[in-house]
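Enquirer: This structure is in structure tokens; I'll ask about it shortly.
Nothing in this text is a laboratory measurement; each read-out follows from the coordinates by a stated rule. The structure displayed is predicted, hence computed values, not measured ones. Neighbour counts are summed over all protein chains in view; Cβ atoms, including those assigned to glycine, are modelled from backbone coordinates with ideal geometry.
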């Protein structure tokens, strides 16, 4: 059972390709250099020639701040790329599984966002991702859009790896404590998408549409950082825990406005597919273990070459 994975070098893309075989799937992973999703005919040709049973789109322009100054590029990938994939899937009569974001919401709520809540992105990144959702919904009936939040993992750039780097460089640092969300492991996103892909390719009829999936238990970036340092120090990834001070968003200005509230209600996803979410603290432990193994391997290689 063959699937096409776009964005294979990203956080989730890496995990999709690495884990596909455990689900009985053959993942054809494509990086941006191998397949530019903004080129509709190239995408259609690739889908036609490779013959996947479905496509998973993990490709996106995700640099939230840079998007403010590079709107054309953000829309090219997040809207036009999504449109190209939807068109290719429509021609091939196959489904598209697509990753979206909590940034489609304003962040002004105080209850977890449901899929039916009004969208109101506050920046280019969220606007371009919402535009991508809409072109898929219009062009392709067989689609599943998975909105998620605060993604982190072993690969790529993310908050966990940044905190580990800073924790090794500094004795103290300040982290924003008035933005709330749910950290989500890239591996978990990959696993639920692969599970749904497997079900579809085995003949199960999936309920298409838009769903929310994230880690369980809301926290702030400050809470997240404190837990990263606690676990990392206990595992020996840090010599000691740095002192963490809480600051407000206004004390850490950024080009793009961050949502104050990014908590997603995942009950529709859980009840529809019978797949539970996971506590982010438990998933963080797994990611830190994987990072530790990676560092150990790299150190061994470096030692053997010295």
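Enquirer: Determine the relative contact order of the stretch 223-306: mean sequence separation of Cα pairs under 8 Å and six or more apart, normalised by residue count, in whole percent. Display every interim value, and only then the final one.
Expert: On the way: 21 pairs, mean separation 25.0, N = 84.
For the stretch 223-306, the relative contact order is 30 percent.
Enquirer: Using the 2.2 N^0.38 Å rule of thumb for compact globular proteins, work out how the stretch 109-161 stacks up: its C-alpha Rg over that value, please. Intermediate results must be reported in sequence, preceding the final value.
Expert: On the way: Rg = 13.8 Å, N = 53, 2.2 N^0.38 = 9.9 Å.
Dividing the Cα radius of gyration by 2.2 N^0.38 Å gives 1.39.
Enquirer: Separate question: Given all pairs of different Cα atoms, what value in angstroms does the Kirkwood hydrodynamic radius of the stretch 166-253 take?
Expert: For the stretch 166-253, the Kirkwood estimate is 15.8 Å.
Enquirer: So for the chain, averaging the separation of alpha carbon pairs under 8 Å that are six or more residues apart and normalising by length, what relative contact order in percent results?
Expert: 20
Enquirer: Here's another thing I want to ask about it. Order by neighbour count: 270, 283, fewest other Cβ atoms within 10 Å first, most last.
Expert: Arranged by neighbour count, lowest to highest, 270, 283 become 270, 283.
Enquirer: Taking the Cα atoms only, what angle lies between the long axis of helix 280-305 and the longest principal axis of the chain, rounded to 10 degrees?
Expert: The answer is roughly 80 degrees.
Enquirer: Additional query: With the crude spin-label approximation of a point 7 Å out along Cα→Cβ, what separation in nm comes out for residue 252 versus residue 168?
Expert: Simple spin-label model gives 2.1 nm for this pair.
Enquirer: Going by a ≥ b ≥ c, the root eigenvalues of the Cα gyration tensor, does the stretch 214-306 fall in the rounded group (a/c under 1.5), the prolate group (a/b larger than b/c) or the oblate group?
Expert: Oblate, since a/c reaches 1.5 and b/c is not below a/b.
Enquirer: Still on this structure: Taking the Cα of residue 199, stepping 7 Å toward and past its beta carbon, and measuring to each backbone N in the stretch 267-296: which are under 15 Å?
Expert: 267-277
Enquirer: Something else: Have a look at the DSSP beta bridges in the stretch 1-156 and tell me what percent are antiparallel, nearest 5.
Expert: 0
Enquirer: Which order, highest average first, do 116-123, 55-62 follow once you tally other Cβ atoms within 10 Å for each residue and take the mean per peptide?
Expert: Values: 116-123: 15.1, 55-62: 26.4.
Final packing ranking: 55-62, 116-123.
Enquirer: Which angle between 0 and 90 degrees, to the nearest 10, do you get for helix 40-50 versus the longest principal axis of the chain when only C-alpha atoms count?
Expert: Approximately 80 degrees, to the nearest ten.
Enquirer: Quick check: convex hull of the Cα atoms in the chain, volume per residue, rounded to a whole Å³?
Expert: 140
Enquirer: Now for a different question. With 10 angstrom as the radius, rank 281, 199 by how many other C-beta atoms surround their C-beta, starting from the fewest. Let's see the in-between values first.
Expert: On the way: 281 18, 199 14.
Going from sparsest to densest Cβ surroundings: 199, 281.
Enquirer: Binned at 10 Å from 0, what are the whole-percent values of the Cα-Cα distance distribution for the stretch 39-110, short to long?
Expert: That works out to 19, 43, 26, 11, 1, in percent per bin.
Enquirer: Let me ask something else about it. Counting only DSSP beta bridges with both residues in the chain, what percent are antiparallel, rounded to the nearest 5?
Expert: The antiparallel fraction comes to roughly 5 percent.
Enquirer: Which of 240, 114, 129 comes first, and how do the rest follow, when ranked by fewest Cβ neighbours within 10 Å?
Expert: By the 10 Å Cβ count, ascending, the order reads 240, 114, 129.
Enquirer: Also, I was wondering about something else. Taking a ≥ b ≥ c as the square roots of the eigenvalues of the Cα gyration tensor of the stretch 1-74, is the shape rounded (a/c under 1.5), prolate (a/b larger than b/c) or oblate?
Expert: Judged from the Cα gyration tensor, the stretch 1-74 comes out oblate (a/c at least 1.5, b/c at or above a/b).
Enquirer: Using only Cα atoms and rounding to the nearest 10 degrees, what angle (0 to 90) does helix 82-92 make with the longest principal axis of the chain?
Expert: The two axes meet at around 40 degrees.
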